[in-house]
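The values are calculated or read from the model by the stated rules, or taken from the named source; none is laboratory data. Just so it is clear, the model here is predicted, and its values are computed rather than measured. Neighbour counts run over all protein chains shown; Cβ positions are idealised from the backbone, glycine included. Heads up: the accessible areas ignore ligands, DNA and RNA and are worked out on the full protein's heavy atoms, side chains in. Shrake-Rupley method; radii C 1.70, N 1.55, O 1.52, S 1.80 Å.
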Amino acid sequence: HPPTLCRVSAAIQAMLRRVLTVRAPSRLLSSIATPPPSVSKVKAEEKAPAFVPGEYVHELQAVDPSEDPKIPSYRVMDEEGRVVNAKLRHELSLDQLLEMYRMMGQIATIDQIFTQAQRHGRISFHMQNAGEEGLQVGSAAALEPQDHVFAQYRELGVFLWRGFSMQQVAHQCFSNVHDLGKGRQMPMHFGSRALNLHTISSPLTTQLPQAVGTAYALKQRAGEDAVVACYFGDGAASEGDFHAALNFAATLECPVLFFCRNNGWAISTPVHEQFRGDGILSRAKGYGMYGYRVDGNDMLAVYEATKEAREYAVQHNKPVLLEAMSYRRGHHSSSDDSSTYRPNDELEWWQNNNNRKPPDTNTHTYIILCSLSLPHSLSLSFSLSVCVCVFVVRERE
């Protein structure tokens, strides 16, 4: 009824007038919202310091990136497989070296067999790893079982080293009933909860912000001796998720290792068409994080750098960007034909020039040199083991 509504409205207005004219509640709310000066001072001291600019000058100065020297790539072995850096903090036993070398041969064999299976129509897709076996195995060997791994799709060696068997690779690629993902993923998109291997996803770079979230969760657990290793290619570094992930990791101080495989090509796009800066590592300084650049064809250098990066991330609860300079010797995938956009002389140059030979070549030479320093009985046994590995690696030729 209209008269009733008018009376209610008038009553509400009168109540509001009484509330607004009373000062006591306002003083009460003010005392709650405004802390004492001593409390405010303590909170101000706990806050992160504000951004402080550099030196003030009276002459306009430009920042010219062409004047900056190129960031060098760390290496341990020379082109002959000899160790040129005797200051290694993390040494490998001969058994570990032999297992890493055998794993590189296994990767090459899987590539050969499954590429042929795709050509025969038995599986729908395959990602090749030729040229990047050393950085995969070297970095994986430097991680611990409790570390979490977010891979992209060209990290077969990382999965194999952590215990993902060749049979599981076959189950996943054929999408059969024994596949851990029950055929829900396309081939080469592995995952294993038991091995802390987060399932690969096809959309590019989505794994980076996911890895930062996982690292932030690890940080909340006091005394957790674990990091998150996140792999990606140079092409993924051109996506927006890359910048968001690195900024979150730096500002939240998360123990995450960003491992970039800079192999020169993002499918058919060369790196000089992706960016003008000095690779990917040059961006680390802009985000205020540590970083390393390493020769991706030098398995020992990758192992040493990854060990150092992991130690720093665990001790300081901060991110590290690691860039492995390598070269993609095969096609991007079974759906690609790199001969349509990449000249053959480029492949030959990377095959034969300096220390840019395939990673298994340098490792093979180094292992042979190691065997010569053993006692005669052990040297003979070790040499026979090397010959078996050489046969496996050279099988594809």
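Solvent exposure of Glu308, expressed as accessible area, is near 50 Å², computed with a probe of 1.4 Å over the protein chains only.
Here the contact order of segment 206-332, divided by its residue count and restricted to Cα pairs under 8 Å and six or more residues apart, works out to 30 percent.
May I ask you to derive the FRET efficiency for Ala10 and Asp225 from their Cβ-Cβ distance with R0 = 45 Å, giving the value to the nearest 0.05?
My answer for the efficiency is 0.05.
Only aspartates and glutamates eight or more places from Lys70 in sequence, or on another chain, were considered; those with a Cα closer than 15 Å are Asp278, Asp295, Glu323. The stretch between Gln351 and Glu239, if pulled fully straight at 0.36 nm per residue, gains 37.3 nm over its current Cα-Cα span. Modelled this way, with points 7 Å down the Cα-to-C-beta line, the labels at Glu55 and Val177 are 7.4 nm from one another. Solvent-accessible area of Ser124, all protein chains in place: 90 Å² (probe radius 1.4 Å, heavy atoms, ligands and nucleic acids excluded). Structural descriptor for segment 163-246: relative contact order 19 percent, calculated from alpha carbon pairs under 8 angstrom and at least 6 residues apart.
Each part gets one Cα centre, and for segment 230-300 versus segment 302-356 those centres are 11 Å apart. Taking every protein chain into account, the accessible area of segment 76-140 amounts to 43 square angstrom per residue (probe 1.4 Å). Calculated accessible area for segment 181-285 comes out at 43 Å² per residue, all protein chains present (probe 1.4 Å; ligands, DNA, RNA ignored). Measuring nothing but protein heavy atoms, the accessible surface of segment 189-284 at 1.4 Å probe radius is 51 percent carbon and sulfur. Charge tally around Thr205: other residues with Cβ under 15 Å, Lys/Arg +1 each, Asp/Glu -1 each, net -1. Accessible surface comparison of Tyr287, Tyr56, probe 1.4 Å, protein chains only, largest first: the order is Tyr56, Tyr287.
Averaging the sequence gap over all C-alpha pairs within less than 8 Å and six or more residues apart, then dividing by the number of residues, gives segment 46-170 a relative contact order of 18 percent.
Note on Gln274 and Arg102: the extension gain reaches 58.4 nm, defined as 0.36 nm multiplied by sequence separation minus the Cα-Cα distance.
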